[in-house]
């Protein structure tokens, strides 16, 4: 069974640009959530999607947005990039039922110059 | 507001000995707790979890203990192996919050041969 796949793995952007990250969950998983990992803050919850609907949202500005498609694949977008957005962005999937264990991808490493 | 805290940023243990990683939380609404292991350049990997209705859960060399009155949980690894060297994250969730996990900042475990 393939794991969670995230693309791209690494990318470099400049301030003011926007970026789109993609996540393909484990087959059969309906819930996809996104986390930001930085050295000082650890893993911070961004948002969660279930059956194409945003079910939960963390405390991030509106520049951070996401969506989920009918095949459960998800994208997140960050507009007007700032230096502080440099981080590892992790996608996780789960069946979305009673079990709350998340399965993480390897992440997309974003560097903003 | 750090609701999940791992106060030890690092821990060094001799191979074969016990590793004890600690985690404290402040939100009494958390009812499910998880431990994840993370190697560099990889996403977090689920290790073990515990529901708030239990005080202990065991899986092979890994045991998690939960003390609800103290709002404290710990992960015991016995015996420790060099391959256990990684960053360990404690996470907590509420049933009503879906897949939103609140993570600690991690403890880097080094197991010395």
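The values are calculated or read from the model by the stated rules, or taken from the named source; none is laboratory data. Keep in mind that what you see is a predicted model, and the values were worked out from it rather than measured. Neighbour counts are summed over all protein chains in view; Cβ atoms, including those assigned to glycine, are modelled from backbone coordinates with ideal geometry.
Table: residues versus (1) under 15 Å from the mean Cα position of the chain (by Cα); (2) at the interface with chain B (Cβ under 8 Å from one of its Cβ atoms); (3) closer than 26 Å to residue B:51 by Cβ.
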residue: A:57; (1), (2), (3): yes, no, yes
residue: A:63; (1), (2), (3): yes, no, no
residue: A:73; (1), (2), (3): yes, no, no
residue: A:81; (1), (2), (3): no, no, no
residue: A:86; (1), (2), (3): yes, no, no
residue: A:96; (1), (2), (3): no, yes, yes
residue: A:101; (1), (2), (3): no, yes, yes
residue: A:104; (1), (2), (3): yes, yes, yes
residue: A:112; (1), (2), (3): no, no, no
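Just one residue in the set A:62, A:84 is surrounded by fewer than 21 Cβ atoms within 10 Å (Cβ to Cβ) and assigned to a helix (DSSP H, G or I); that residue is A:84.
Just checking, does the range B:9-17 include any residue being under 13 Å from the mean Cα position of the chain (by Cα), modelled with pLDDT under 95 and more than 23 Å from residue A:95 (Cβ to Cβ)? Yes, that holds for at least one residue.
For the range A:1-44, which residues satisfy the criterion of being in contact with a helix residue (DSSP H, G or I) (Cβ under 9 Å, 6 or more places away or on another chain) and within 14 Å of chain B (Cβ to nearest Cβ)? Reasoning before the result, please.
Let us first name the residues in the range A:1-44 that are in contact with a helix residue (DSSP H, G or I) (Cβ under 9 Å, 6 or more places away or on another chain), namely A:13, A:15, A:19, A:36, A:38.
Within the range A:1-44, A:36, A:38 meet the criteria.
Here residue B:75 meets the list (1) more than 14 Å from chain A (Cβ to nearest Cβ); (2) crowded, with 18+ Cβ neighbours inside 10 Å; (3) assigned to a loop (DSSP other than H, G, I, E, B) almost entirely, failing just condition (3).
I'm trying to understand the selection: among the residues of the range B:78-113, which are more than 10 Å from the chain's Cα centre (by Cα) and assigned to a loop (DSSP other than H, G, I, E, B)? Those that are more than 10 Å from the chain's Cα centre (by Cα) and assigned to a loop (DSSP other than H, G, I, E, B): B:78, B:79, B:80, B:81, B:85, B:94, B:98, B:99, B:100, B:101, B:105, B:113. Is it the case that some residue within the range B:39-56 is more than 16 Å from residue A:102 (Cβ to Cβ), in contact (Cβ under 8 Å) with a residue 24 or more places away in the chain and under 12 Å from the mean Cα position of the chain (by Cα)? There is no residue in the range B:39-56 that is more than 16 Å from residue A:102 (Cβ to Cβ), in contact (Cβ under 8 Å) with a residue 24 or more places away in the chain and under 12 Å from the mean Cα position of the chain (by Cα). Once the range B:97-113 is narrowed to residues that are surrounded by fewer than 21 Cβ atoms within 10 Å (Cβ to Cβ) and touching a residue at least 24 places away in the same chain (Cβ under 8 Å), the residue that is farthest from residue B:81 (Cα to Cα) is B:105.
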